[in-house]
Structure formats: C-alpha cells, structure tokens
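Visitor: Sharing a structure with you now.
Bear in mind that the values in this text are calculations on the coordinates, not laboratory data. Values in this document were obtained by computation on a predicted structure and should not be read as measured data. Glycine gets a Cβ as well: all are built from the backbone with ideal geometry, and neighbour counts include every protein chain shown.
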C-alpha cells in the first residue's frame with residue numbers, strides 16, 4: 001500500500017514503485033530478437049514521465065561489443081512479462097572519435 005503523503009508526493013511514490021517493477025525485465029525487438037535486460041530507468045521527474053530504459057547484457061548481434069544502451073521509452077510497444085519494442089536499429093555501432101588536431105611543428109611560424 002502506498003502511503004498518502006500528499007497528492008504530488010503520493011503520485012511520485014506510486015510512479016517510482018511502478019517503474020521499479022521494470023528492472024530485470026527482458027527486452028525484445030519487434031522482430032522477436034532478444035536485446036538485453038532493463039537494469040535502470042531514466043525518469044523526467046518534472047514532467048512525470050519515463051524517458052529511457054537502460055539496457056545491459058545486450059545481444060552482440062545487435063549492439064557492438066555488447067555495450068549498454070539507453071532506449072527511448074517512446075520506442076516501447078508493450079510491457080508485460082517482457083518488454084517489446086516497436087523500433088530498434090538493425091545494429092548499434094560505436095562511433096570512433098576523431099583524433100585531436102595535431103599541434104603545429106615547433107619551427108612553424110604564423111605569418112599575418
């Protein structure tokens with residue numbers, strides 16, 4: 001039973017209880033491919049909405065190096081014993097960072 005602290009606090013407590021039930025649920029793509037497990041959630045407390053699901057133990061066929069990913073909640077199609085996504089990219093790849101620009105040689109002179 002949720003304690004009644006006040007209208008807004010009671011709503012937040014209920015929201016947190018409901019969201020905590022998502023932890024550990026398996027996530028599947030719309031093609032039925034296992035993506036990973038929900039390990040955390042990202043909430044927008046001000047707007048009282050669930051922003052993203054943080055997925056760990058990801059499928060290496062879908063996510064390069066089995067990295068953890070945050071899936072926007074708007075991609076979720078249904079929630080029950082599993083979470084089914086309406087959208088997920090074919091493959092998530094890691095972008096390689098561009099190398100930092102090299103400093104000019106010491107004998108380099110700027111002419112203005």
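Visitor: Once fully extended, how much extra length lies between residue 44 and residue 79, figured as 0.36 nm per residue of separation less the alpha-carbon to alpha-carbon distance? Walk me through the numbers before you get to the answer.
Guide: On the way: separation 35, 0.36 × 35 = 12.60 nm, distance 1.91 nm.
Gain in length upon complete extension: 10.7 nm.
Visitor: By count of other Cβ within 10 Å, fewest leading, how are 35, 84 ordered?
Guide: Values: 35 23, 84 15.
Final ranking by Cβ density, sparse to dense: 84, 35.
Visitor: Can you tell me the length gained on complete extension of the stretch residue 56 to residue 86, counting 0.36 nm per residue apart and subtracting the Cα distance? Each step should come with its number before you reach the end.
Guide: Working: separation 30, 0.36 × 30 = 10.80 nm, distance 1.87 nm.
Length gained between residue 56 and residue 86: 8.9 nm.
Visitor: Right, something else. How long is the gain from residue 67 to residue 31 if the chain were fully straight, where each residue apart is worth 0.36 nm and the alpha carbon distance is subtracted? Before the final figure, lay out each step's value.
Guide: Numbers: separation 36, 0.36 × 36 = 12.96 nm, distance 2.03 nm.
Net length gain for the segment: 10.9 nm.
Visitor: Just to check, using Stokes-Einstein with a Kirkwood Rh over alpha carbon pairs, what's the diffusion coefficient of region 23-85 at 20 °C and 1.002 mPa s in µm²/s?
Guide: 182
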